[in-house]
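Colleague: Starting off with a structure, shown below.
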Amino acid sequence: MKRSRQKYAAALGLVLAISSSALAEEKTAQLGEVVVTATRDEVPIEQVGSSITVVTAKEIEQQQKRTVADALRMVPGLDLVRTGSFGGGTAVFMRGAKSEHTLVLLDGIELNDPSAAGGGYNFANLTTDNIERIEVLRGPQSTLYGSRAIGGVVNIITKRGDGKLKGFLSAEGGSFYTARETAGVSGGTDLLQYALTLSRLDTGGVSAAAERFGNMERDGHQNSAISARLGITPTKNSEIDLILRYNHSRTAIDNGGGPGMDDPNHIMRSDELNFRTQGWLSLYGGLWEQKLGVSFSDLSWSDDNDRDSMHPLNFLRSSFHGQNVKVDWQHVLNLHKTTTLTLGAETTEENAKSNYYAESSFGPYNEPWPERYARTTGFYLQDQLNLWDAWFSTLGFRVDDHSKFGTEVTYRFTTAYLIKQSGTRIKGSYGTGFRAPSLYQLYSIYGSPDLKPDKSIGWDIGLEQELPFMKATLGATWFKNEYTQMIDFNRQTWKYTNVAKTHSQGLELTAGLQPADDLTLKAAYTYLEATDDLTGKQLARRPKNKLTFDANYSFLKKATINLGLVYVGSRYSDTANTQKMKDYLLVNLAGSYDVTKNLQLFGRVDNLFDRQYEEVAGYGTPGIGAYGGVKVSF
């Protein structure tokens, strides 16, 4: 019955969006100058008091990153961990927070998986197709985004078509029996804008259980993706957007990491469908802007393992399914050149179910989990102040009501002060956040309906300085976050309980330099202390030190070469801090050459010095890999 209501809600929202000339999304501005995630409205990045990093489409193309996870590896304060080979489970830890403490958005669609144990998002299969930019907002953001934004937000914004019809075909291949094909078209008029991209990836991969332990069976990965966006501009003051993304993947995995974990027929499959219709209307000469949107996401995945000669007693059949329907309505009131008021309401209903059946030498195990639901309704208000075009502040609060645990109130304050004469920017933020218990934590056989939400308090303060030579910019930000009544699994009771308490603090340093018009240098360093307050131990998989460097050089007006370095310091693989993983340095090289205006040759080398390293203890990672391809545009 509830599922029917979900479908009706989505259909009703679509009809409302199309039938009303009141609809569209944030108007895209020039890359790198304006962001929308920090305030839910277009704001120049220099006016933002929060810590935010923008990864542009140009940077993604220069570095030839094929997945969002790889594109995020250069972001300060962010650690990515992939379990095994290509397509293995990939988690994000933002400033030491749990992976489920990061809200992931795609054009306003919540990508977090309602069927996952913690409600986090697996970045394993999300490609960079048709992406305009990625905005990474660090620190508690529940005031504007509600639950799951307790540690930060990753907001992925796709491209809108414009101008004459354009298209491209691309093909590449290389190491590990890899082949990738991509095609796309885009264009637009004053009335209609469109963009469509299709991609397919096939790779033989490497052993997920690591070859150095004697595991020789390769774990392949296949990924097909569709990204589409349609915009309609019926009048000068109104827009409508329809956004669709679909992904299907098949990944061979092993039974774990380390010796004897090879498995020739252990397969994970996933299907992810995301849809949103939204619109924007401006009234009274831009005094009042409103946006209405309806989002729908559907994620299903399975983990299956048949018996084989190596594991004659092992058998697994599992399936997981989660859905999320969200309706949001936002208003922006430009009351004065010094004051902008943003207020809105949103309601989200999520449901999930799973079935798990396994056989082993210990006997059969069956864990059915019937479909469960939860609804969250939130109201938020934010005031943006602009004083003397030099001092920019926001103050906001939010009230959320969850169908199970009740009401939660969060707030946030940010400020940024510009000293234009010296090129100095001082910024800071302070806010609270919460994460509602996942459906699995509430209703599975390990769950408890009495769980309360995770809570956080966080602040940061920073300084950015422009230097009068070679367009140099330096930045430093100190941050601290405290997490309380966090949900964790109690191995004594075999139940989830609100017992965990952690904190993280650290320093983010950034530097940018442009010695010449065609040469850009960027570097970032993060120092992180992430500690379990109950045990005093360091949180697992959080390195204390991370360093990145990116150099991009364009020459002959046709060629580009990019050098990227990622250093990850030592960290513990377990909560008891008994197993320490070694630090590692990866060097990646990418380049392209425009033979003609319609023909481009490109290539890259990942892990240039063939370093052996681990992101998850015992699991394999690719060695040196070389790839090359051709792109034809029309």
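What follows draws every value from the coordinates through simple rules; no lab data is involved. Note that the structure is predicted; figures quoted are calculated from it, not measured. Using ideal geometry, Cβ is built from the backbone for each residue, glycine included, and neighbour counts are taken over all protein chains shown.
Colleague: Go from 0 up to the bin containing the longest alpha carbon distance in segment 131-231, width 5 Å each, and give me the % of pairs per bin.
Modeller: Binned Cα distances yield the sequence 3, 11, 13, 12, 12, 13, 15, 14, 6, 3, 1, 0, 0.
Colleague: Can you give the longest stretch of the chain with no exposed loop site, where a site means trypsin sites (Lys or Arg not before Pro) in a DSSP loop (not H, G, I, E or B) with at most 14 other C-beta atoms within 10 Å?
Modeller: Details: sites that count: LYS27, LYS164, LYS236, ARG307, LYS337, LYS420, LYS471, ARG491, LYS557, LYS558, LYS582, LYS597, ARG611.
Between exposed loop sites, the widest span is 28-163.
Colleague: Measuring from label point to label point, each 7 Å out along Cα→Cβ, what is the GLN421 to ASP308 span in nm?
Modeller: 7.1 nm
Colleague: Check the straight Cα-Cα distances from LYS544 and name the lysines below 28 Å, setting aside those fewer than 8 residues away within the same chain.
Modeller: Of all the lysines, those that pass the test against LYS544 - Cα under 28 Å, at least 8 places apart if same chain - are LYS65, LYS98, LYS427, LYS455, LYS480, LYS501, LYS522, LYS580, LYS582.
Colleague: If each of ASN545 and ARG317 carries a label point 7 Å out from its Cα toward its Cβ, how far apart are those two points in nm?
Modeller: Here the answer is 5.2 nm between the modelled labels.
Colleague: To make sure I understand the rule: partners must be aspartates and glutamates, Cα under 15 Å from the Cα of LYS164, and not fewer than 8 residues away in the same chain. Which ones qualify?
Modeller: Within the straight-line limit of under 15 Å, LYS164 reaches these aspartates and glutamates: ASP190.
Colleague: Would you order SER249, SER403, SER633, SER142 from fewest to most other beta-carbon atoms within 10 Å of each residue's own beta-carbon?
Modeller: Working: SER249 21, SER403 12, SER633 15, SER142 30.
Listing SER249, SER403, SER633, SER142 from fewest to most nearby Cβ atoms yields SER403, SER633, SER249, SER142.
Colleague: With a point put 7 Å past each Cα toward its Cβ, work out how far ALA179 is from ARG611 in nm, to one decimal.
Modeller: It is 3.2 nm.
Colleague: How high is the FRET efficiency from PHE489 to GLU33, r the C-beta distance, R0 56 Å, rounded to 0.05? Could the numbers behind the result be given before it?
Modeller: Details: r = 45 Å, r/R0 = 0.80.
Calculated transfer efficiency: 0.80.
Colleague: Also: Is any residue of segment 540-561 close enough, with backbone N under 20 Å, to a label point placed 7 angstrom from the Cα of ASP518 along the Cα-Cβ axis, and if so, which?
Modeller: Label zone hits: 550-561.
Colleague: Please compute the Cα-Cα pair-distance distribution of segment 2-633 with 20 Å bins starting at 0, giving whole percents from short to long.
Modeller: 18, 56, 25, 1
Colleague: OK, next. So which chymotrypsin sites (Phe, Trp or Tyr not before Pro) in segment 220-313 are both in a DSSP loop and have at most 15 other Cβ atoms within 10 Å of their Cβ? Let's see the in-between values first.
Modeller: Values: sites: TYR246, PHE275, TRP280, TYR284, TRP288, PHE296, TRP301; in loops: TYR284.
For chymotrypsin sites (Phe, Trp or Tyr not before Pro) across segment 220-313 that sit outside H, G, I, E and B with at most 15 neighbouring Cβ atoms in 10 Å, the list reads TYR284.
Colleague: Also: Rounded to two decimals, what is Rg over Rh for segment 432-590 when you use alpha-carbon atoms and the Kirkwood radius? Let's see the in-between values first.
Modeller: Working: Rg = 21.2 Å, Rh = 18.9 Å.
Taking Rg over the Kirkwood Rh, I get 1.12.
Colleague: First measure r as the distance between the Cβ atoms of PHE555 and GLU46, then evaluate 1/(1 + (r/R0)^6) with R0 = 30 Å and state the FRET efficiency to the nearest 0.05.
Modeller: Working: r = 30 Å, r/R0 = 1.02.
After rounding to 0.05, the efficiency reads 0.50.
Colleague: Using the Karplus equation 6.51 cos²θ - 1.76 cosθ + 1.60 (θ = phi - 60°), what ³J(HN,Hα) coupling, rounded to whole Hz, does each residue of segment 281-294 give in order, writing x for Gly and Pro?
Modeller: Going residue by residue, I get 9, 10, 10, 6, x, x, 5, 10, 10, 9, 9, 10, x, 10 Hz, with x marking Gly and Pro.
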